[in-house]
Amino acid sequence: MAEYERQIVEILSRVGDKGISVQMLSKHLYNMNCGLFDAPDLCGIRSYVQRFLLRNAKSPNPLVERTDRRGYYRLCTSSYALARQLMLEFNEEEAEGEPRPCVRQAVADGLSPSLFDFAD
């Protein structure tokens, strides 16, 4: 289920300030996890998304917040530093072809990067 949480935050970071409805968020999450031989339960995913959003919107330091439209949520970037950090991490993952700074420095120094440079 931690994978679902990561994917929900990723989707919310992509939609930005306008937010996304619970139904559309559930469908995006379902499509991200649907495979040829394995299809998750859409109703189960929708209830998980609802619980996740409600739990994180009502916490003292909310990760998500409701928008002006009923049933729409977005990342709460104004007051929560973790949301900003997650958005930065997802933006870095989207940049293709750019090696990570530690790898870039190792290559510049003539060293080959080790497997431990890629560990998160």
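The values are calculated or read from the model by the stated rules, or taken from the named source; none is laboratory data. Nothing here was measured: the structure is a model prediction, and the numbers come from that model. In this analysis, Cβ positions are derived from the backbone assuming ideal geometry, glycine residues included, and neighbour counts consider all displayed protein chains. With ligands, DNA and RNA removed, areas are computed over all heavy atoms of the protein, side chains included. Shrake-Rupley method; radii C 1.70, N 1.55, O 1.52, S 1.80 Å.
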Here is a list of conditions, (1) surrounded by 15 or more Cβ atoms within 10 Å (Cβ to Cβ); (2) modelled with pLDDT of 90 or more; (3) more than 19 Å from Glu10 (Cβ to Cβ), and Ala106 meets all of them except one; can you say which number that is? (2)
Of the residues in region 33-57, those that are surrounded by 10 or more Cβ atoms within 10 Å (Cβ to Cβ) and not in a helix (DSSP H, G or I) number 4
Restricting region 1-27 to residues that are farther than 16 Å from Thr67 by Cβ and open to solvent by 70 Å² or more (accessible area, probe 1.4 Å), the residue that is nearest to the chain's Cα centre (by Cα): Arg6
Just give me the residues in region 1-32 being of a type in the set (Gly, Ala, Ser) and part of a helix (DSSP H, G or I), in sequence order. Ala2, Ser13, Gly16, Ser26
Pair list, Cβ under 8 Å, 6 or more apart: region 1-21 residue farther than 17 Å from Asp41 by Cβ and of a type in the set (S, T, N, Q), other residue assigned to a helix (DSSP H, G or I) and open to solvent by 20 Å² or more (accessible area, probe 1.4 Å): Ser13/Leu86; Ser13/Met87; Ser13/Asn91
Here the qualifying pairs (Cβ atoms under 9 Å; residues six or more apart or on different chains; first in region 43-58 and free of Cβ contacts under 8 Å to residues at least 40 places away in the same chain and at positive phi; second part of a helix (DSSP H, G or I) and among the small types (Gly, Ala, Ser)) come out as none
